[in-house]
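The values are calculated or read from the model by the stated rules, or taken from the named source; none is laboratory data. Because the structure is a prediction, the values reported are computed rather than measured. Cβ: placed from backbone, ideal geometry, glycine included. Neighbour counts: every protein chain shown. Protein only, heavy atoms only, side chains kept; ligands, DNA and RNA dropped before computing areas. Shrake-Rupley method; radii C 1.70, N 1.55, O 1.52, S 1.80 Å.
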Amino acid sequence: MTRGIPNTNQARPDPDARRRRALWGLVRSILVLVVLIALGVWIALRSRPPRVIEVVPATALYDNYRPVEATEVFRPDDTFFVSVKLSDFRPEMELSARWKYQDRPITETTLNTDYAGEGYAGFSLINDNPPWPVGNYSVEIVYGNEVLAAQLFA
């Protein structure tokens with residue numbers, strides 16, 4: 001019995017083959033790491049809310065939802081328009097405008113658009129029973145349960 005005595009008749013692995021296997025293992029590990037990092041970044045970006053850059057009450061909105069004429073004071077028979085400049089927006093995001101009078105809710109209107117990225121969105125509120133009462137109004141731009149921005153007007 002020759003325990004513990006190495007067999008010198010076995011072929012030794014080729015050093016170049018060992019290096020190639022080690023290099024291939026390193027490359028695979030780096031690729032897996034890069035894929036995991038990319039997946040983490042993608043998930044983080046998908047879960048991030050849109051950013052509201054500005055909210056502008058206006059007398060009307062252009063087709064691209066930019067304000068025709070900014071205003072902070074509406075007449076009693078006006079429709080309220082709000083232009084919202086957004087970034088990081090995706091169509092599947094549920095964005096809404098919560099309209100208030102004297103800090104009491106009036107209604108909430110939702111944004112329906114196919115636009116994505118950075119640009120403008122528009123909201124409007126028509127009074128079905130004019131005139132609007134004189135006082136302080138506000139609009140909050142809401143994503144989920146989070147108020148992203150608010151603007152006061154009269």
Using only Cα atoms, find the angle between the long axis of helix 15-47 and the longest principal axis of the chain, and express it within 0 to 90 degrees, rounded to the nearest 10. 10 degrees
Please report, as a whole percent, how much of the solvent-accessible surface of the chain comes from carbon and sulfur atoms (probe radius 1.4 Å). 54 percent
Relative to the present Cα-Cα distance, how much length would full extension add between I37 and D88 at 0.36 nm per residue of separation? 16.3 nm
Mind checking the full-extension length gain between L26 and Y115? Use 0.36 nm per residue of separation minus the Cα-Cα distance, one decimal, nm. 27.8 nm
Separation of the I53 and R18 label points, Cα + 7 Å toward Cβ, nm: 5.9 nm
Ranked output for segments 12-19, 147-154 by mean other Cβ atoms within 10 Å, highest leading, reads 147-154, 12-19
Are there any chymotrypsin sites (Phe, Trp or Tyr not before Pro) in region 58-96 that are in a DSSP loop and have at most 12 other Cβ atoms within 10 Å? List them by number. Y62
Please work out how much length the chain gains when fully extended from A154 to R75, using 0.36 nm per residue of separation minus the C-alpha to C-alpha distance, in nm with one decimal. 27.6 nm
Tell me what the chain gives for mean residue ellipticity at 222 nm when only DSSP H runs of n ≥ 4 count, each as -39,500 (n - 2.57), the sum divided by the residue total, rounded to 500 deg cm²/dmol. -8000 deg cm²/dmol
